[in-house]
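**Q** Mind looking over this structure? Questions follow.
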Amino acid sequence: MEYRELLLLAITAALKAGDKILTIYNTEFKVEIKSDNTPVTNADKAASDSIISDLAVTKIPVLSEEDEHFAYEERRNWKRLWVVDPLDGTKEFIKRNGEFTVNIALIENNQPVLGVIYSPVFKHLYFASKGSGSFKVDQHDVITLLNETGLADGERFIKFAKQLPLNKHPQDYTIVASRSHLSKEVSERITRAKLRNSKVNIINTGSSIKFCWVAEGLAHEYPRYGTTMEWDTAAGQCIVEEAGGQVIDQETNKPISYNRKNLKNNDFIAQFKIV
């Protein structure tokens, strides 16, 4: 399958997963605590099952947060794999503030070459594929397309997409930061930014939508210190990179690589390249 065919499939899978998430979002869902002390709901599991089923036709292995994590001895030989976070921002889902996403990425030779991020509540769809740029379908068009064609016609969603970045960067230096994971290091970075810029604007939001705001041109950077996993960043990294930005591992000073032995990321900064 070529990138475009895989992209169409990933868009449809993300939309279908978002639909399943919303069905549960409007119920009295149960919350469990996983072994790593993070929350999980039946929406996470339903979305994961849906995406894995939809991607099975590609015969490309899937690494999903909510499914079996294959041993590195097996994964290390994979040249291609899907990396999926079926519900990124479970804490925001539990708070019912809408700030959660579906993330689907394709990795080739340890780098993301395709990414889809969908916001089921706010109906924003972002996607990118290597060498083709990054795109957004806004809320109005997503709602219109869902009403007209349902979840299956990924081709029409691509036709309605606008290339990123959509905006010139704000005049005030803008940092987008996590709503639920604001660390001491991020606070210190904000302090340093205030010394370099006459005015600094801070936006707090949940999930991988922070990558999308950088790609869209709404923020100059998204710094993240603390625990994230490969499925938290893969789709967002592709979208930022194809929009002209970068996502830099703060230990290696290189773009984050994927399908590593240790799936936990180092600290990173997503930003547009400083010329």
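**Q** Please find, in a Gaussian network model of the chain (springs between Cα atoms separated by less than 10 Å), the residue of Ala177, Ala243, Ala56 whose mean-square fluctuation is greatest.
**A** Ala56
**Q** Ignoring everything except DSSP H segments at least 4 long, calculate the 222 nm mean residue ellipticity for the chain; use -39,500 (n - 2.57) per segment, divide by total residues, nearest 500.
**A** It comes out at -11000 deg cm²/dmol, rounded to the nearest 500.
**Q** Do any of Lys59/Lys168; Lys95/Lys210; Lys130/Lys264; Lys130/Lys199 go past 29 Å between their Cα atoms, and which? Each step should come with its number before you reach the end.
**A** Numbers: Lys59/Lys168 40 Å; Lys95/Lys210 18 Å; Lys130/Lys264 24 Å; Lys130/Lys199 35 Å.
The pairs that break the limit, which is 29 Å between Cα atoms, are Lys59/Lys168; Lys130/Lys199.
**Q** Given Cα pairs under 8 Å that are at least 6 residues apart, what percent is the relative contact order of the chain?
**A** Computed over the chain, the figure is 18 percent.
**Q** According to the square roots a ≥ b ≥ c of the eigenvalues of the Cα gyration tensor, what is the shape class of the stretch 144-275, taking rounded for a/c under 1.5, prolate for a/b larger than b/c otherwise, and oblate for the remainder?
**A** Working: a/c = 1.97, a/b = 1.36, b/c = 1.45.
Because a/c hits 1.5 or more and a/b fails to exceed b/c, the stretch 144-275 counts as oblate.
**Q** Let me check I've understood the local charge: for Arg224, count other residues with C-beta under 14 angstrom from its C-beta, Lys and Arg +1, Asp and Glu -1. What total comes out?
**A** Details: positive: Arg179, Lys184, Arg189, Lys210, Lys264; negative: Asp88, Glu185, Glu188, Glu221, Glu230, Asp232, Asp249, Glu251, Asp267.
With Lys, Arg at +1 and Asp, Glu at -1, the net is -4.
**Q** Whole-Hz ³J(HN,Hα) for each residue in the stretch 139-150, computed from phi via Karplus 6.51 cos²θ - 1.76 cosθ + 1.60 with θ = phi - 60°, x for glycine and proline: what do you get?
**A** Karplus values, whole Hz, x for Gly and Pro: 3, 4, 5, 4, 4, 4, 5, 4, 5, 7, 10, x.
**Q** Also, quick follow-up: Treat the count of other C-beta atoms within 10 Å as a stand-in for reagent exposure and order Leu114, Leu195, Leu146, Leu22 from fewest to most.
**A** Details: Leu114 26, Leu195 7, Leu146 16, Leu22 12.
Placing the least packed residue first, the sequence is Leu195, Leu22, Leu146, Leu114.
**Q** For the stretch 58-74 and the stretch 131-202, compute the distance between their C-alpha centroids and round to whole Å.
**A** 28 Å
**Q** What is the sum of charges around Ser207, taking Lys and Arg as +1, Asp and Glu as -1, for the other residues whose C-beta is under 11 Å from the C-beta of Ser207?
**A** Values: positive: Lys91, Arg179, Lys210; negative: Asp85, Asp88, Glu92, Glu99, Asp232.
Spelling it out: positives minus negatives among the neighbours equals -2.
**Q** With springs connecting C-alpha atoms under 10 Å apart, model the chain as a Gaussian network and identify which of Val40, Val116, Val240 has the largest mean-square fluctuation.
**A** Val40
**Q** Using a Cα-Cα cut-off of under 12 Å, which aspartates and glutamates could be cross-linked to Lys123, ignoring same-chain neighbours fewer than 8 residues away?
**A** Asp19, Glu99, Asp138, Asp141
**Q** Evaluate the stretch 3-163: find the radius of gyration of its Cα atoms, find its Kirkwood radius, and give the ratio Rg to Rh.
**A** Working: Rg = 15.4 Å, Rh = 16.0 Å.
So for the stretch 3-163, dividing Rg by the Kirkwood Rh gives 0.96.
**Q** What is the Rg over Rh value, at two decimals, for the stretch 166-235, using alpha-carbon atoms and the Kirkwood definition of Rh?
**A** Numbers: Rg = 12.0 Å, Rh = 12.5 Å.
Using Cα coordinates only, the ratio equals 0.96.
**Q** Can you compute 3J(HN,Hα) from phi for each residue in the stretch 107-122, using the Karplus curve 6.51 cos²θ - 1.76 cosθ + 1.60 with θ = phi - 60°, rounded to whole Hz and x for Gly and Pro?
**A** My calculation for the stretch 107-122 gives 10, 10, 6, 6, 10, x, 10, 8, x, 10, 10, 10, 9, x, 7, 8 Hz in order.
**Q** If you plug each phi of the stretch 227-239 into the Karplus form 6.51 cos²θ - 1.76 cosθ + 1.60 with θ = phi - 60°, what whole-Hz ³J(HN,Hα) values come out, in order, with x for Gly and Pro?
**A** Working through the residues one at a time gives 6, 9, 10, 4, 6, 6, 10, 4, 5, x, 4, 4, 5 Hz.
Where a number appears in this text, it was derived from the coordinates with a stated rule and is not lab data. In this text the structure is predicted, and so the values were computed from the model without any measurement. Every residue, glycine as well, gets a Cβ built from its backbone with ideal geometry; the counts of neighbours run over all protein chains shown.
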